[in-house]
Amino acid sequence: MSASAYDVVIVGAGIVGAACADEFARRGMRVVVVDREGIAGGATGAAMGHIVVLDDSEAQFVLTRYSQQLWQKLRSELPEDVEYEQRGTIWVAADEEEMAEVRRKHSYYAGRRVPAAVLDAQELNRLEPNLRDGLVGGLLVAEDAMLDPASAARFLMERAQKSGAQLRVGILVAQIGRGSVRLSDGFEMSAKVIVNAAGAWAAELTGGVAIKKRKGHLVITDRHPGFLRHQVVELGYLKSAHSVASDSAASDSLAGNSGAFSVAFNVQPRRSGRILIGSSRQYGAEHNDVDNDILARMLRRAQEYMPGLATMPAVRSWTGFRAATPDKLPVIGPWPGDDSLFLATGHEGLGITTSLATARILVDQITGAHPEIPVEPYLPSRREKGYGGPR
């Protein structure tokens, strides 16, 4: 194709970019996706793959629930290697204060028809017998699911390609906007629509968008089938990972040679029998090396909740950078002052969950269709939150 033969150029081949390509292509638009690495080369390839409903704000709930339901509709089309499994999430309460949060969440979900059940200590032990003694209960959110993020992104991209989309990898983008995408070698592509889906690097291409990189660590163990049955997360995870509290408050949890960071218990069973262990959230880090101090603290936290993890050999550890925004909501929609430029970034740890909804409401905005959920909370024009852009 010639440089001007596209309706849409998407920068970024993570799961959000792939979902956008699929949505555009299925609506008959000529699409090309460009990425400096390849499919799932950034945060997607480093993610856990939790399809989770969260309720730290109404806008967060609406987007995560809408996207979860889109994943449920897509389930029958997903190939085996995507490993989609609806095992549910158990939010674990360590004390009565956290149990009060369990009851609040249950009431919130019940009012919005999200299947959930309050667990007492005995029920929690029955469902996850390898949790430590002394936990007071939890909340089972039955429709939460998990999948392999890289395989899911490949599926979406391949489906987009079957509808005519093109993929160009090993491409370094130097500049975007005003209907043009200029590559580092000077080649330019023009399109009516340019989508910045570059994740943690989105701000390098769109100056003024309030995206910051947040580094996270993950570990995967050897195979131990049956040890873990659900995604299990401590309620304290919300305080550090997805709450609307300020970064400065969240980062007070730990500090040391690695700078400010937070850790929380978050484990996921993989179909192979391996156990994926998280999570950490590091501030101000630029390198992608594994930090042994953070890793050790993260593993100790996991072992506090599941002592049996201490005996399991770890087969691999890795890091990734998530794209974070000040209000913990993604940036989805037109960039002020440039009719050609649209953003689909800022999902932090929820990009896997919200990829399908992001694509749907973004393409709805561009094509003039009526989105099924309100888009205002996610628009880049919410300048009062610090998103900048031309005035």
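Points worth noting:
- Each Lys and Arg adds +1 at its Cβ and each Asp and Glu adds -1 at its Cβ; summed about the Cα centre, segment 69-165 shows a dipole of about 580 debye.
- Solvent-accessible area, 1.4 Å probe, carbon plus sulfur percent, for segment 109-160: 45
- Selected from Leu350, Ala302, Val232, residue furthest toward positive end of dipole (the chain; charges at beta carbon): Leu350
- Dipole-positive endmost among Leu218, Ile10, Val315 within the chain (Cβ charges, Cα centre): Ile10
- Protein heavy-atom accessible surface, 1.4 Å probe, per residue over the chain: 39 Å².
- For segment 35-117, trypsin sites (Lys or Arg not before Pro) meeting the loop criterion (DSSP other than H, G, I, E, B) and having at most 10 other Cβ atoms within 10 Å: Arg113.
- The mean sequence separation of alpha-carbon pairs under 8 Å and at least six residues apart, normalised by the residue count of segment 10-83, gives a relative contact order of 24 percent.
- Relative contact order for the chain, counting Cα pairs under 8 Å that sit 6 or more residues apart, in percent: 23
- Relative to one another, the C-alpha centroids of segment 259-306 and segment 42-64 are positioned 18 Å apart.
- Loop GluC sites (Glu not before Pro), segment 40-87, which have at most 13 other Cβ atoms in a 10 Å radius of their Cβ (DSSP): none
- For trypsin sites (Lys or Arg not before Pro), the sites in segment 141-201 that DSSP calls loop and that have at most 16 other Cβ atoms within 10 Å are Arg178, Lys192.
- Within the chain, helix-based [θ] at 222 nm, where runs of 4 or more DSSP H residues each add -39,500 (n - 2.57), nearest 500: -8500 deg cm²/dmol
- When you count the other C-beta atoms within 10 angstrom of each residue and take the mean per peptide, 361-371, 134-144 line up highest first as 134-144, 361-371.
The values are calculated or read from the model by the stated rules, or taken from the named source; none is laboratory data. These numbers come from a predicted model, not from an experiment. Glycine also receives a Cβ, built like all others from the backbone with ideal geometry; neighbour counts cover every protein chain displayed. Remember, those area values only see protein heavy atoms, side chains included, never the ligands or the DNA or RNA. Shrake-Rupley method; radii C 1.70, N 1.55, O 1.52, S 1.80 Å.
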